[in-house]
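A quick write-up on the structure given underneath.
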Amino acid sequence: MKEDLLDLRNLTKNKIKELIDLALDIKQNPEKYNSKLNKKTLLMIFEKPSLRTRVSFETGMTQMGGHAIYYDLSTSPMGKKECIADTAKTASRYVEIIMARLFKHENITQLAKNSSIPIINALTNFSHPCQILSDLLTITEKKCQLNGLKLTYLGDANNNVTHSLLFGCAAAGINITVSCPSEEGFSPLPEVLDKSKNMAQITGSTIEVNNDPKQAVKNADIIYTDSWMSYHIKDEEKEKRFKILIPYQVNNELLQLAKEDVIFMNCLPAMRGMEQTAEVIDGLQSVVFDQAENRLHMQKAIILNLLKIK
Ligand code: CP
Ligand code: NVA
């Protein structure tokens, strides 16, 4: 049976360890892997912009001896002259694996249901699993552990990165506190909170949601934030969102309330003066470019894992 990576709701501690161990080996010994994907092709379907995801996936395929095709959905019949199922069935006859960055999560589910090859979610409005698996690698490198750490997420929490963080932290045994505005549309989806709380029971970690950023960052090992203007949010909402989200901006004052060795994370792209100040993202505690680099190593591990290549 083919496997897909659509979200992290079924993630386990064992799977995290397997992927991190493989990603670390790939990072340390890249030459060992340079012909693992000989003659294999990855189709990369994009409905939204990207820097990191597009470049790291394509580079990863090239470095492992394979090939990637960038496919811009605006030049495709999919969703217009052709249904998603037909695209999935056709592409399955050409390539070995597909990744897609789409707006609607149900569209990637459709793609997965109708393809005979693995599908990787490269971000939907609902989830961003590749980012969070890569971040678990970065946290492991920086903190030498996952279990028992405290991660505080600040800002827009009705978002893909927060949802995947909730699942990922719960599976890894990381205690997660999400601090976000009480206004409608900024909290994590209730179904994600319920499911991640069930997952957290297995690992013994905690999940908390509040509206008090100062309280939330106390004792944090990691402070994480994400864009206030995700790709799917319209420009005209910027001013209104800024006013609501500004109390959750990560600045030096908040950073100082966390543990002394706290690290600052943002999956990027980032706007200085919005979700964090320049002094924080450009400061010594920031690990944002290590996060960006680790996309490459972790995604190579994900591709090998889904294709069952040792
Ligand atoms: N973090 C991330 O997915 O970045 P891109 O939007 O540049 O791919
Ligand atoms: N939440 C952001 C993540 C970008 C990688 C977005 O959806 O744009």
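The values are calculated or read from the model by the stated rules, or taken from the named source; none is laboratory data. Here the structure is a predicted model, which means the values were calculated and not measured. We place every Cβ from the backbone using ideal geometry, glycine too, and count neighbours over all the protein chains shown.
For the reader, a short list of remarks on this structure follows.
- Counting residues in the stretch 295-309 that are within 16 Å of ligand 1 (Cβ to nearest atom), at positive phi and not in a helix (DSSP H, G or I) gives zero.
- Summed over the stretch 142-154, the residues that are part of a helix (DSSP H, G or I) and under 15 Å from Val288 (Cβ atoms) give a count of 1.
- Of all residues in the stretch 156-190 being of a type in the set (A, V, I, L, M) and over 15 Å from the mean Cα position of the chain (by Cα), the one that is nearest to Phe242 (Cα to Cα): Val178
- All positions within the stretch 5-21 that are more than 14 Å from the chain's Cα centre (by Cα) and surrounded by fewer than 20 Cβ atoms within 10 Å (Cβ to Cβ): Asn10, Thr12, Lys13, Asn14, Lys15, Lys17, Glu18, Asp21
- Enumeration of residues in the stretch 241-268 that are under 27 Å from Pro49 (Cα atoms) and in contact with a helix residue (DSSP H, G or I) (Cβ under 8 Å, 6 or more places away or on another chain): Tyr248, Val250, Phe264, Met265, Asn266, Cys267, Leu268
- Hits in the stretch 212-261 - residues which are closer than 21 Å to Leu137 by Cα and surrounded by 20 or more Cβ atoms within 10 Å (Cβ to Cβ): Ala220, Asp221, Ile222, Ile223, Tyr224, Thr225, Asp226
- Scope the stretch 214-241; condition within 16 Å of ligand 2 (Cβ to nearest atom) and without any contact (Cβ under 8 Å) to a residue 60 or more places away in the chain; matching residues: Met229, Ile233, Lys234, Asp235, Glu237, Lys238
- Selection status of Gln145, without any contact (Cβ under 8 Å) to a residue 40 or more places away in the chain, under 26 Å from Ala258 (Cα atoms) and more than 16 Å from ligand 1 (Cβ to nearest atom): yes
- Scope the stretch 240-264; condition closer than 15 Å to Pro181 by Cβ and charged (D, E, K, R); matching residues: Lys240, Arg241, Lys243
- Residue-level analysis places Ile20 among those that are within 18 Å of Asn294 (Cβ to Cβ) and either part of a loop (DSSP other than H, G, I, E, B) or hydrophobic (A, V, I, L, M, F, W, C) (or both).
- Residue in the stretch 189-211 that is at pLDDT 95 or above and within 16 Å of ligand 2 (Cβ to nearest atom) present: yes
- Flag for Ala157 being touching a strand residue (DSSP E or B) at 6+ places or on another chain (Cβ under 6 Å) and assigned to a helix (DSSP H, G or I): no
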